[in-house]
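Rule-based calculations on the coordinates, nothing more; no lab input. Because the structure is predicted, anything quoted here is derived from the model rather than measured. Here the Cβ is made from the backbone with ideal geometry for all residues, glycine too, and neighbour counts use every protein chain on show.
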Amino acid sequence: MDVLLDIFASANFWAAAIRIATPLIFGVLGALICERAGVLNLGIEGIFVAGAMAGWLAVYLGAGLWGGVLIAALAGALFGLLHAFLTVILGLSQHVSGIGITLLATSASYFTYRTTLPDVSSPPRIAPFQPIAVPGLSDLPFIGPALFQQTLLTWLALVLVAIVAFVLYRTPLGLAIRAVGDNPASVEAQGLSVRGLRIGAVVIGSALMALGGAFLTMSAFDAFFFGMVNGRGWICIALVVFASWQPGKALLGALLFGAFDAFQIRLQAEIGQVVPGQVFLMMPYLLSILALVLVARKADYPRALLQPWTKGQRH
Amino acid sequence: QDVPKVAAIWTVPVEQQWASRLHNALVAAEDRGEIDYVYSENITNTDYERVMREYAEQGIALMVGEAFGVEQPARTVAADYPEISFLMGSSLPPVEPNFATFDNFIHEPSYLTGIIAGMKTETDQIGMVGGYAIPEVNRLMHAFMAGALSVNPDVTFSVSFINSWYDPPKAKETAFAMVDAGADILYAERFGVSDAAKERGIFAIGNVIDTAADYPGTILASALWHGEPMIDQAIADVKNGSFEAKDYGIYAFMEYGGSSMVVDEELAGAAAVEAAKAVEASILDGSFTVEINDSEPTSTQ
Amino acid sequence: MTDPAILLSLDNITKRFGALVANDAISLDLRESEILALLGENGAGKTTLMNILFGHYVQDEGLVRVRSNGGDMNSLPPGSPGAALAAGVGMVHQHFTLAENLSGLDNIRLGTEPLLSLGRRAMARTRIKSIIAESGLEVDLDRRVADLTVGEKQRIEILKALYRDARVLILDEPTAVLTPQEAEGLFVVLRRLAANGLGVIFISHKLGEVLAVSHRIMVLRGGKKAGELTAAQADRRAIADLMVGKAVAEVTRTPGSIGKALLEFDDVCLGKPSTRTALSHVSFKLRAGEIVALAGISGNGQTTIAALLSGLAVPDSGTLRLDGQPMTRTSPRRLVEAGFARMPEDRQHDGVVGTMSVAENIAIEDVRSPELSRFGFLNRNAMQTRAQSAIAAYDVRCPGPDAEARLLSGGNVQKLILARVLEREPRIILANQPTRGLDIGAQAEVHRRILAARDRGAAVLVISEDLDELFALADRFLVIHAGEVVEAGPADALDRATIGLLMAGQSHTTEPLAQ
Amino acid sequence: MSLRLDPREHAPLFLRLLVSLVAGLAALLLVAIPVMAAGANPFEAYLLMAQGAFGSMFALSETLNRATPLILTGLAAAVAFRARLWNIGAEGQLYMGALAAVMVGSGFLQLPAPLAIPAIMLAGFLAGGLMMVIPAMLKQRFGADEVVITLLLNFVVILFIQMLIEGPLKDPLAMGWPQSVPLVAEARFDKLIPRLRMHWGLIVGLVAALILWLMVKRTVLGFEIKAVGENKAAARFAGIPVDATMLKVALISGGLAGLAGVSEVAGVKGYLSADLSPGFGYSGIVVAMLAGLSPIGSVLAAIFIAAVFVGADSMSRATGISNYLADLVVALSLLCVLVGGFFLRFRLRWQSRQEA
Ligand SMILES: Nc1ncnc2c1ncn2[C@@H]1O[C@H](COP(=O)(O)OP(=O)(O)OP(=O)(O)O)[C@@H](O)[C@H]1O
Ligand SMILES: Nc1ncnc2c1ncn2[C@@H]1O[C@H](COP(=O)(O)OP(=O)(O)OP(=O)(O)O)[C@@H](O)[C@H]1O
Ligand SMILES: [Mg+2]
Ligand SMILES: [Mg+2]
């Protein structure tokens, strides 16, 4: 019991939880924006890879950290644009297009990395984002030290949650995005462009996903590895449902996931292997499933999700 | 006569520590003009046999790779191409006439780095982060632990596997957790662990490759694997027709120069270095043998 | 008296879908303060014309012109609802275009404020409130649209148009889903709006309301303009003939011979007592050879009775008896096997699988019967044969048995369903809104079929919001109000006023309902 | 002038062929970009790709060998998607099938030779099927989204497998490597041709496709699945047992994915390890969609995807381009074929637009 208390009472634990959650926050926000507009983006896993690779490579080639962040976002936006073209303009299956985008973004990233750096025998490194203290906030008791260990990208993720929530619920743009994901006809009948809104949402959402990848190579670590995204994108798809498509709950879900992961890592390190390690690793997935089952009936999902819209056709 | 053509098939990207040691040795041999080197990386075990056959059909002299996940098919391919020499990482014995095996037996320097760590730790807690609990990881961890315990019976170890070969952020988080729990030295089997050590201002022990330059003031000592003795020997054997189906694993032993310990004498301190060097000498003169234990290591508390 | 100014003019609009000419060089003018009714059979091209006018569809030929504030007639760029809205054209669609996850207020605001701004929610609310006060379109602006009734949704749709200062309002079959009372309320509003200068185009299949509310009537037939009448000149017959192009035969009803009770509801309760759709202690009988009307304002429990008779629900308490035997564990399949014919209220949604063929949709209720399958394998020939004879017998207009059902118009879908359920000579028939949204030709056909089934000895329950239809069909009336069913007696002894009172939940003795 | 889309009722055969051809050409054009970026000659690369996929008995066998699991996972996705049951969990179901095969077929049960193969196939089918029936039931009971649940179950299953092959199922003779005990010889699929890897799993896949095709076209079950998939409300109203039909679909879909796992274990690998499948389950979705959810089409699509991968991988080796190219080529081909499918559904028309 003491062990558990010690873990939860340590600021380092909460710092780790927030750190682990950061890429998920980016990803889940991105997926949420896409889905709110009615487009499922299973390209997320590949877009993470693309963001991780593009951002890192840009910095490695001399672009500067924020330059890298921008490049990562652009890479994500580009794949988002492709997804939008396939699903919004051509109305192709969102599942398949998404999986295709994941395949394309992943392989294109690996190929680019290897073609650009053919002769490396150990992963080259960059100088990543460093933790910074935000005056005032970092002085808070307990939370302060947890926040103090975070880099600017984590701060950016937290600020983005607020921005996305504000835009979705407080602005005409958010209204339109929520409407287009529920019933595109409502948007069209009010003179707005269904396609424009959806393409915009997918592009912006994908850019955010790419930032999740960029965080991995530019803040959580300082090099790009093949396979390092390791399913984080898929987790975001689950978290969106868990969050009932709401930014606040998405943050909560990501933090819970981060806390759980941080907790299981510590438990394994402190009390050793009482049960097979995989049991711990399974827990976040099983808990997500449980949460889904519990909230499913109440969840108020975008009704037009997965449905293509073609102007001048009966729906 | 043409230089012999050598093909390597890696199940991982060539930056991965393990593969990089052999890949670099092969690239060096090619640079010296001794061989013609081609390779495929990140080949899944499902595709492995096909790739082996494709290279075999191209008419190569020597194939280097990893049979761990494809022991039986690899041997079948070798049997189908008796004119080609196979040098494969494997946990099973070699097969006549052309299937030689090896593994990274760097448990000896691992033991030595354990001595350094055991003498150096102040909290008597050492954190160890690995990828998967497979034999070639396990044996290094056990040797390291044995080395540490030989000089400091009070040391406890916490062991975690991150269930991935390439997830440095996760390895780093796992290492952080160990530091938070009191470890003051980290055994860095994976990329990411030394980063955590450096960030928290503690020490790390390197494995397979020397990363001291990347983490100034952090890496106490590393157990290095050198692919060159084995690769060069195999190339020579192929060239003069004396390649045989034997276990090339011994070329990883310190005796053959296949592995070594590198230590930062300033960080480690004279006493620790001296203790390690003493054991190193007795390993080299054959008076001391490091035990090989492939079972999964667990935390000791 | 000088004519009011022209607000809108359509000029030779032509629209083709593949080989089909949906609109063939149609021209139309609409004046200030005018209510123009647009009539025509199903598929005549009314919705298409309006969709072009509003920019949902792009015409192949022709121009749409709208009067600007300055008085010029400016042509609208094709295919742009935004431009139509900006020019003062508002449209209430045949199928609502509301985002159900948003409040009424947000649906009205949607698209009216710059996307990249903070929005003006409070201002919007004030303005909408004043529009509501002026127009009488009372509705709760803060409820989620999903929780509103159909009538309320419709009011939101009209408010959407008024909020944008529409000077032309298009309503595509606005009353198809409204109760008579709601429809009457809508007409009051429309008249008031028209008096203030709004031009209205109004599509409906209900000739009564068309005659009551419109100033001018335009009839389309087969994509062409078939004629134009002023309301003063028009009567039912004339319009019907124009629509169909030939005289419509009246359906005549002969008294039937009533037999024994086939189906009994005995003290049936279902659902949470407080909710509107719950049934409380419902008892009635359906007898062979009799058509029973179930009248009521929609949402008083009709759907629940229909669900019981469709096999989609079972009573919480009380019993359903078939031939005096209690029915336990009913399901759609069991009811079909027991000789029930069930017509769903929403035929597109519950009646047909759009992407399956006409033949498959006709077979769907009894594919597992020996006639249509053996050892789990389909007998496609039998399905085909049955479909061919059904298509011929019920005059289902379609390219053939293999045509996908989604390509059929509403009236033909209804005929398909009739063919499916009546062909097996059912003993008990549930006809739920049997002619909703159908044109008069199709209506007459459906009525004839139901009467024929009765004459053959079936027991029929007709549920409809259209009292004319109930009087045309029924031998006896039941009225449902707040989940309770009362016996109103034989049709001959009843009039609309009495039924209306019962529908409103009042007893026979109080004041008659205002017409 | 403006561009207009008209939906097509159906596409004639010549158009399908034309579109496939154009999509293929477009893919080749796109592939030239990375090939040239890596400094190789694209024309040479095309030739090498074709040779790598079909140029010899060996190549053909390898292509079909890789297509085998894809046929089965493709069918798994196709049958589920037809019923609008979004099974993204074929990967996990594949592993469960493989697991069941190993549990039944590695000698714990003493099975006479003729029963061994049917037994592991049945076990694999049921195990995979169960893995899909559970999410289908969660959907019916609780309305829980099956896309996410099946996706997540993939990760649960792979961890579960890792746990077993490091624990109770671990092969004591594998020198400590985490892999299961092997299948007994009677439970292995024979090779179709000696020395080539192609095995009886391919026949299993083809037969499954045929059965599924028959089911879709000719059986009451196929009829009911279609009705439930296209309009649940109407199917329920018409008396089709919607929930039961969905569970049957789930069982068949998961079962087919499970068979893919059986086929890989019994036909290729011989034992279970955590790297049995390089994403065959996910590729199955792609296969099914390329095939327009048609069973026979799934066979062709699986062979297409396999050929592209095997051909491109082989080409990368022959040209000295990084072999990450193979996945890139598959992705590009997939996208081209997808876009091609669009032109089968719609016809593009230029139309003159009056000036406003
Ligand atoms: N999007 C479309 N694609 C193809 N054909 C269409 C489309 N919309 C309408 N049509 C065709 O145009 C014709 C006119 O249809 P429209 O919906 O305008 O009829 P309507 O007069 O509104 O009928 P209803 O009374 O049934 O509403 C129909 O025959 C239909 O086949
Ligand atoms: N998706 C579609 N594609 C092509 N044509 C269609 C489509 N949907 C409907 N139609 C055509 O539209 C015509 C009218 O259908 P519509 O949906 O307007 O009927 P409805 O309004 O339900 O009918 P009713 O007014 O009889 O209730 C039909 O003849 C059909 O051919
Ligand atoms: Mg219409
Ligand atoms: Mg209609």
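The alpha-carbon positions of segment A:91-151 define a convex hull whose volume is 185 Å³ per residue.
About the centre of its Cα atoms, segment C:6-244 shows a dipole size close to 300 debye [charges on the beta carbon of Lys, Arg (+1) and Asp, Glu (-1) only; nearest 20 debye]. About its Cα centre, the dipole of chain B is roughly 300 debye, where the only charges are +1 on Lys and Arg Cβ and -1 on Asp and Glu Cβ. The alpha-carbon atoms of chain A define a convex hull whose volume equals 145 cubic angstrom per residue. Annotation: lysines with alpha-carbon distance below 23 angstrom to C:K260 (same-chain offsets under eight excluded): C:K285. Of all DSSP-defined beta bridges confined to segment C:149-249, some 55% are antiparallel rather than parallel. When the protein assembly as shown is described by a simple charge dipole with +1 on each Lys and Arg Cβ and -1 on each Asp and Glu Cβ, the residue from D:G176, A:A16, B:P216 located farthest towards its positive end is A:A16.
Among C:Q384, C:I417, C:V352, pick out the residue whose Cα is farthest towards the positive end of the charge dipole of segment C:349-425, where Lys and Arg carry +1 and Asp and Glu carry -1 on C-beta, about the Cα centre. Of C:Q384, C:I417, C:V352, it is C:Q384. Summarise the long-distance tail of P(r) for segment C:349-425 by giving the % of C-alpha pairs beyond 17 Å. Here the tail beyond 17 Å accounts for 36 percent of pairs. Look at the alpha carbon pairs under 8 Å that are at least 6 residues apart: their mean separation over the length of chain D gives a relative contact order of 37 percent. Within the listed set B:S40, B:S222, B:S110, the Gaussian network model of chain B (springs between alpha-carbon atoms below 10 Å) gives the highest mean-square fluctuation for B:S40. The calculated FRET efficiency for the pair D:I203 and A:T116, based on their C-beta separation and a Förster distance of 35 Å, comes to about 0.20. Antiparallel beta bridges, as assigned by DSSP with both residues in the protein assembly as shown, represent about 45 percent of the total such bridges. Packing here is the average count of other Cβ atoms within 10 Å per residue, and on that basis the peptides A:93-99, A:232-238, highest first, run A:232-238, A:93-99. Label-to-label distance, A:A127 versus C:D165, with points set 7 angstrom from Cα along the beta-carbon direction: 5.9 nm. Neighbours of A:Y60 by Cβ distance under 15 Å: Lys/Arg scored +1, Asp/Glu scored -1, total -2. State, as an integer percentage, the relative contact order of chain A based on alpha-carbon contacts under 8 Å between residues 6 or more apart. With pairs under 8 Å counted, the relative contact order is 37 percent. So if the hydrodynamic radius of the protein assembly as shown is defined as the Kirkwood radius over C-alpha pairs, what does Stokes-Einstein give as its diffusion coefficient at 4 °C and 1.567 mPa s, in µm² per second? Taking Rh from Cα pairs, D becomes 36 µm²/s. Measuring max minus min along each principal axis, the C-alpha atoms of segment C:6-244 give extents of 50, 38, 35 Å (largest first).
The count of lysine pairs in segment D:2-351 with alpha-carbon distances below 17 Å, taking only pairs 8 or more places apart or on different chains, stands at 8. Across segment B:252-257, rounded Karplus estimates of 3J(HN,Hα) from the backbone phi angles (6.51 cos²θ - 1.76 cosθ + 1.60, θ = phi - 60°) give 8, 6, 4, 3, 8, x Hz, Gly and Pro being marked x.
Couplings 3J(HN,Hα) of segment D:318-324, computed from phi: 6, 9, x, 7, 3, 6, 5 Hz, in residue order, whole Hz [Karplus 6.51 cos²θ - 1.76 cosθ + 1.60, θ = phi - 60°; x for Gly and Pro].
Given chain D reduced to its alpha-carbon atoms as identical point scatterers, what log10 I(q)/I(0) does the Debye formula return at q = 0.09, 0.15 Å⁻¹? With one equal scatterer per Cα and no solvent, log10 I(q)/I(0) is -0.55, -1.29.
Counting charges near D:I149 (Lys, Arg +1; Asp, Glu -1) among other residues having Cβ under 13 Å from its Cβ returns a value of 0.
Whose amide H sits under 5 Å from the amide H of C:R16, counting only residues 5 or more places off or on another chain, with H placed in the peptide plane? Correct list: C:A22, C:D60.
When C:R192, C:R427, C:R454 are sorted by how many other C-beta atoms sit within 10 angstrom of their C-beta, beginning with the fewest, the order is C:R192, C:R427, C:R454. Mean separation of Cα pairs under 8 Å and 6 or more residues apart, divided by the residue count, gives segment C:423-514 a relative contact order of 21 percent.
For segment D:58-68, 3J(HN,Hα) computed residue by residue from phi via the Karplus equation (6.51, -1.76, 1.60; θ = phi - 60°) reads 4, 4, 4, 4, 5, 4, 5, 5, 6, 6, 3 Hz, glycine and proline entered as x. Calculated mean residue ellipticity, 222 nm, the protein assembly as shown: -16000 deg cm²/dmol, from DSSP H runs (n ≥ 4) at -39500 (n - 2.57) each, averaged per residue and rounded to 500. Of all the options A:P276, A:P131, A:P123, the one that moves most in a Gaussian network model of chain A with Cα springs shorter than 10 angstrom is A:P276.
Taking other C-beta atoms within 10 Å as the exposure proxy, A:H83, B:H23 rank B:H23, A:H83 from fewest upward. The value for segment A:35-75 of Rg(Cα) / (2.2 N^0.38 Å) is 1.35. Taking other Cβ atoms within 10 Å as a rough exposure proxy, A:R178, C:R216 sort from fewest to most as C:R216, A:R178.
Among the lysines of segment C:6-244, pairs that are 8 or more positions apart or on different chains and have alpha carbons within less than 25 Å of each other number 14.
Taking GluC sites (Glu not before Pro) in DSSP loop conformation with at most 16 other Cβ atoms inside 10 Å as exposed sites, chain D has its longest uninterrupted site-free stretch at D:10-354.
Of the beta bridges in segment C:6-244, as assigned by DSSP with both residues counted there, near 55 percent are antiparallel.
Dipole orientation for the protein assembly as shown: of the candidates C:I52, C:A497, B:A143, C:A497 has the Cα lying most toward the positive pole (charges on Cβ; Lys, Arg +1; Asp, Glu -1).
In the elastic network of chain D, a GNM with C-alpha springs shorter than 10 Å, the most mobile of D:A26, D:A187, D:A100 is D:A26. Expressed per residue, the C-alpha convex hull volume of segment C:201-309 stands at 174 Å³.
Loop-located trypsin sites (Lys or Arg not before Pro) in segment C:259-337 (DSSP state other than H, G, I, E, B) with a sparse environment of at most 16 neighbouring Cβ atoms within 10 Å: C:K260, C:R276, C:R329. The Cβ shell under 12 Å around D:G55 holds other residues with a net charge of -3, Lys and Arg each +1, Asp and Glu each -1.
For C:V200, the residues 5 or more places off, or on other chains, whose built amide H falls under 5 Å of its own are C:E34, C:I35, C:L36, C:L169. Under a model in which nothing but the beta-carbon of Lys, Arg (+1) and Asp, Glu (-1) is charged, the protein assembly as shown shows a dipole of about 6280 debye around its Cα centre. Determine the distance separating the Cα centre of segment D:63-128 from the Cα centre of segment A:100-171; give it in Å without decimals. Rounded to whole Å, the Cα centres lie 40 Å apart.
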